[in-house]
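The values are calculated or read from the model by the stated rules, or taken from the named source; none is laboratory data. Just so you know, these numbers come straight off a predicted model, no measurement behind them. All Cβ positions, glycine included, derive from the backbone under ideal geometry; neighbour counts span all protein chains shown. These area figures cover heavy atoms from the full protein model, side chains too; ligands, DNA and RNA do not enter into them. Shrake-Rupley method; radii C 1.70, N 1.55, O 1.52, S 1.80 Å.
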Amino acid sequence: GENVEQHPSTLSVQEGDSAVIKCTYSDSASNYFPWYKQELGKRPQLIIDIRSNVGEKKDQRIAVTLNKTAKHFSLHITETQPEDSAVYFCAPGGGTSYGKLTFGQGTILTVHP
Amino acid sequence: EAQVTQNPRYLITVTGKKLTVTCSQNMNHEYMSWYRQDPGLGLRQIYYSMNVEVTDKGDVPEGYKVSRKEKRNFPLILESPSPNQTSLYFCASSLSPSGEETQYFGPGTRLLVL
């Protein structure tokens with residue numbers, strides 16, 4: 001099955017700083033690369049995704065970049081705000097596992113005012 | 001409103017007492033899945049279903065059963081719960097069975113097995 005590693009496991013930043021979370025995967029056939037945000041006590045929700053025919057995608061303060069050769073993709077958050085504090089998960093899909101999904105271990109992001 | 005619903009939201013039970021957690025989606029999604037979430041371990045897939053009557057094991061299927069008799073419902077069954085199944089459970093659905101589409105999660109069920 002797919003091996004997925006997410007780093008760092010915790011990230012603490014000051015409001016206004018940038019944050020970067022990296023997800024490394026093993027299945028070279030994966031072609032869908034989403035990031036989910038889970039606020040405390042809530043369900044995970046998609047915040048941004050990218051497909052393998054695109055190298056970068058941006059949505060206001062968040063962006064995702066993909067390096068298929070190196071098999072990793074990253075979440076970038078600029079001008080962080082306290083409401084960005086949450087757990088973030090990656091879950092590459094569309095590969096040979098077809099339906100069997102492996103999530104990263106999660107990154108706890110804390111944004112200090 | 002497009003959504004995934006789960007019931008119950010909270011459950012306390014005792015070892016060995018069979019229980020079922022229901023999951024329903026109204027988006028006509030082909031794919032449904034169950035996850036458990038434990039501190040430090042992220043979301044781990046228990047079972048998934050790519051269509052009616054088609055189910056398969058995820059990474060942690062031991063002690064669980066599922067069924068998919070209708071497209072909209074995907075119940076999780078614990079026939080003989082044990083304390084190590086105390087966890088937060090999420091059901092999710094997706095348009096595509098290949099893992100290439102967004103997962104929509106239910107609100108979660110917090111289970112305590114005594």
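Along its three principal directions, the equivalent ellipsoid of chain A from the Cα gyration tensor extends over semi-axes of 24, 15, 11 Å, largest first. Ligands, DNA and RNA are left out, and with a 1.4 angstrom probe the accessible area of chain B is 46 Å² per residue. Tell me the carbon and sulfur percent of the accessible area for the protein assembly as shown, rounded to whole percent, probe radius 1.4 Å. Carbon plus sulfur share of accessible area: 49 percent. Summarising the amide proton neighbourhood of A:Ile50: residues at separation of 5 or more, or on other chains, whose placed amide H is nearer than 5 Å comprise A:Phe33. Volume per residue for the protein assembly as shown equals 118 cubic angstrom (convex hull of Cα atoms).
Ballpark to the nearest 100 Å², how much total accessible area do B and A bury together, probe 1.4 Å? The contact between A and B buries close to 2000 Å². Annotation: average projected area of chain B is 6.6 square nanometres, based on the convex hull of Cα atoms across all directions. With R₀ set to 25 Å, the beta-carbon distance separating A:Ser18 from B:Gln3 gives a calculated FRET efficiency near 0.15. For the protein assembly as shown, taking a cut-off of 4.7 Å between Cβ atoms, no cysteine is left unpaired. Here the Karplus curve 6.51 cos²θ - 1.76 cosθ + 1.60, taken at θ = phi - 60°, turns the phi angles of segment B:19-25 into couplings of 9, 10, 10, 8, 9, 9, 10 Hz, with x standing for Gly and Pro. Alpha carbon centre of segment B:82-114 versus segment B:20-75: separation in Å? Each part's Cα centre sits 7 Å from the other's.
Once the mean of 1/r is taken over each pair of separate Cα atoms and inverted, segment A:51-113 shows a Kirkwood hydrodynamic radius of 13.4 Å. Phi-derived couplings, Karplus 6.51 cos²θ - 1.76 cosθ + 1.60 at θ = phi - 60°, listed residue by residue for segment B:94-102: 8, 5, 9, x, 8, x, 9, 10, 4 Hz, with x used for Gly and Pro. Accessible-area loss of 30 Å² or more (1.4 Å probe, protein heavy atoms, chain alone versus all protein chains) is found in segment A:75-113 for A:Phe89, A:Gly94, A:Tyr98, A:Gly99, A:Lys100, A:Leu101, A:Phe103, A:Gln105.
Among B:Tyr47, B:Tyr64, B:Tyr35, which one moves the most in a GNM of chain B with springs linking Cα atoms closer than 10 Å? Among B:Tyr47, B:Tyr64, B:Tyr35, the largest GNM mean-square fluctuation belongs to B:Tyr64.
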